[in-house]
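First comes the structure, then the notes that go with it.
The values are calculated or read from the model by the stated rules, or taken from the named source; none is laboratory data. Everything quoted here is computed from the prediction, not taken from an experiment. Every residue, glycine as well, gets a Cβ built from its backbone with ideal geometry; the counts of neighbours run over all protein chains shown.
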Amino acid sequence: MKIESKADLYRKLPSVDELVHRNELASLALQDGQAAVVDAARAVIAALREEIASGRMDAAGLDLALTGINAAVERRLRQSLRYSLLPVINATGVILHTNLGRAPLAQAAVERVCEATPTYSNLEFDLSTGERGKRDVHVDQLFRKLLTPGGRRPDISTIVVNNNAAAVLLALNSLAEGGEVIVSRGELVEIGGSFRIPDVMAKSNAILREVGTTNRTRISDYERAMTEKTRLLLRVHRSNFEIKGFTEQPHVEELVALSHKRNIPLMEDLGSGALVELDSFGISGEPSVLDRLRSGVDVVSYSGDKLLGGPQAGMLSGRSDLITRMRSNSLFRALRVDKLTYAALEATLLAYVKGDHDSIPALCLMRMRKEEVGRRAATVADQVRSPKLAVEIVDGESVIGGGAAPSAVLPTRLLALTCEGWSADEALERLRAFDPPVIARVEEGRVLLDLRTVFPEQDEAVILALQRLAD
């Protein structure tokens, strides 16, 4: 039998042009575009060339591959045209999981986006006058209802930018450019993505003035640091870590009094920014936006996709005169949000105005009781146990995540899995490959699934994924 050389094998490969003009693939070009089919064909032929070059493919293997090359091109085409941003099942127990998109949107927010954005909208158009309007009016009135109950502090206004980092940048640049901003050393935080308060302050062209020590800062430290160059007092809520032990920091009321005494604005970067009191959820020590404004803080910055439970956004709420300065800053145009965000945010805020907190998924997941999670876990376990899959239900803890309430944990019940023939990491990988992907975690050699962050309508998909894991 003649042994074919690599050169012989290469000659058997069709050209890209020849391949894409075959009848079986020509229809794909009409449906998905010639360029996409050409790219898929080129990738398939390149993969075969690589197999030949490495010596992993002989003549018989190549002949077999060539019989299925049209199907291979179509598979590659389908893979290349798939969406990259996919829905996943979050079984980690982290409610505001930054890597998984943080707060899931309320159904009303999704419907509002679909209703308000497919055609034109009055995003910046005043329907009463027929003239140009301002996009932030769509949510400012709702924020006023939520942040000035009973008419207290009626001078409160709110603007919306891309995220909380953008909100901090805009505020510092608007209120303190070229001047000093006083911050406690214990509040010079870094959050995810290497976002550091000192760095964003430098970008804003404000000058950082550190006071106190990492663990202890007193109101006298702020007072001694104030000079004619001081433009702003900044308090940063330590939302993603805690300092315990020999610690001290001024109460917000002390900072408010100093701010008023010296006529220097006080801003607080809350980060998460709850619009409801969280004590009823079993979460303490996480101030709400209304708390801070009532205390006399002049400007509060916070996120839309954390404890508020809405779309990604950064809010600045506070004294109208200070908010007006930020709105007139050219940075505001660069950092502003679009109609999709306004539509989703408007629907989310309306749920708060109506007191319909259970319609906001993040709040609903926080409120879920351990017993409810346990009952669902037992139902799943009963349907997936097999000789290859050991399932145990154990006590555990869910967390808020997203840099919110770092010390808060919510009691839960976990599915703890051990799969015969697979390590925990291999089982985790197989779950991620499921459609839809199931994202879990590993502890002590077992895969753990927390159904607190799995929506009830997703339980059947989890069961199917676990059953396939056990096959």
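Numbers at a glance
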item: L234 vs. criteria modelled with pLDDT of 90 or more and either of a type in the set (K, R) or part of a strand (DSSP E or B) (or both); result: yes
item: Residue in the stretch 1-55 that is nearest to T67 (Cα to Cα), counting only those that are in a helix (DSSP H, G or I) and of a type in the set (S, T, Y); result: Y10
item: Only listed residue being crowded, with 16+ Cβ neighbours inside 10 Å and modelled with pLDDT under 95, chosen from R144, R112; result: R144
item: Boolean, R333 is at pLDDT below 95, crowded, with 23+ Cβ neighbours inside 10 Å, assigned by TED's automatic domain parsing to the domain that holds L169 and more than 20 Å from the chain's Cα centre (by Cα); result: no
item: Residue list for the stretch 290-324, filter: touching a residue at least 24 places away in the same chain (Cβ under 8 Å) and either among the acidic types (D, E) or touching a His at 6+ places or on another chain (Cβ under 8 Å) (or both); result: G296, D298, D305, D321
item: Residue count, the stretch 339-375 (criterion: surrounded by fewer than 24 Cβ atoms within 10 Å (Cβ to Cβ) and not in a helix (DSSP H, G or I)); result: 4
item: Qualifying residue in the stretch 210-219 (condition: exposed (fewer than 15 other Cβ atoms within 10 Å of the Cβ), at pLDDT 90 or above and either outside any loop (DSSP other than H, G, I, E, B) or in contact with a Gly (Cβ under 8 Å, 6 or more places away or on another chain) (or both)); result: no
item: S284 being surrounded by fewer than 19 Cβ atoms within 10 Å (Cβ to Cβ), in contact with a Leu (Cβ under 9 Å, 6 or more places away or on another chain), among the hydroxyl-bearing types (S, T, Y) and not in a strand (DSSP E or B); result: yes
item: Only listed residue being within 29 Å of R432 (Cα to Cα), in a loop (DSSP other than H, G, I, E, B) and basic (K, R), chosen from R82, R75; result: R82
item: Subset tally (residues that are assigned to a strand (DSSP E or B) and touching an Asp or Glu at 6+ places or on another chain (Cβ under 6 Å)) for the stretch 258-273; result: 1
item: Residue, farthest from K370 (Cα to Cα), within the stretch 415-471, restricted to residues that are over 27 Å from the mean Cα position of the chain (by Cα) and among the small types (G, A, S); result: G421
item: Only one of G273, G296, G314, G318 that is in contact with a helix residue (DSSP H, G or I) (Cβ under 9 Å, 6 or more places away or on another chain) and within 21 Å of T453 (Cβ to Cβ); result: G273
item: Filtered residues of the stretch 271-311 (kept if of a type in the set (D, E) and within 25 Å of R196 (Cβ to Cβ)); result: E286, D298, D305
item: Residues located in the stretch 68-109, provided they are surrounded by fewer than 20 Cβ atoms within 10 Å (Cβ to Cβ), closer than 24 Å to P361 by Cβ and small (G, A, S); result: S84, G101, A108
item: Residue among I360, I323 that alone is modelled with pLDDT of 95 or more and out of contact with any helix residue (DSSP H, G or I) (no Cβ under 7 Å at 6 or more places or on another chain); result: I323
item: Members of the stretch 253-297 that are within 20 Å of R319 (Cβ to Cβ) and β-branched (V, I, T); result: V256, I264, V289, V297
item: Residue count for the stretch 85-102, restricted to those that are in contact (Cβ under 8 Å) with a residue 12 or more places away in the chain and either in a helix (DSSP H, G or I) or under 30 Å from V44 (Cβ atoms) (or both); result: 5
item: Tally, over the stretch 287-307, of residues that are in a strand (DSSP E or B) and aliphatic (A, V, I, L, M); result: 2
item: Residue in the stretch 104-119 that is under 30 Å from R446 (Cα atoms) and touching a residue at least 40 places away in the same chain (Cβ under 8 Å) present; result: yes
item: Any pair with Cβ under 7 angstrom, 6 or more apart, that starts in the stretch 123-138 at a residue that is of a type outside the set (D, E, K, R) and ends at one that is exposed (fewer than 15 other Cβ atoms within 10 Å of the Cβ) and part of a loop (DSSP other than H, G, I, E, B); result: G133/E124
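One line per residue, one yes/no per condition, for (1) more than 24 Å from I283 (Cα to Cα); (2) at pLDDT 95 or above:
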residue: R375; (1), (2): no, yes
residue: V391; (1), (2): yes, no
residue: I400; (1), (2): no, no
residue: A404; (1), (2): no, no
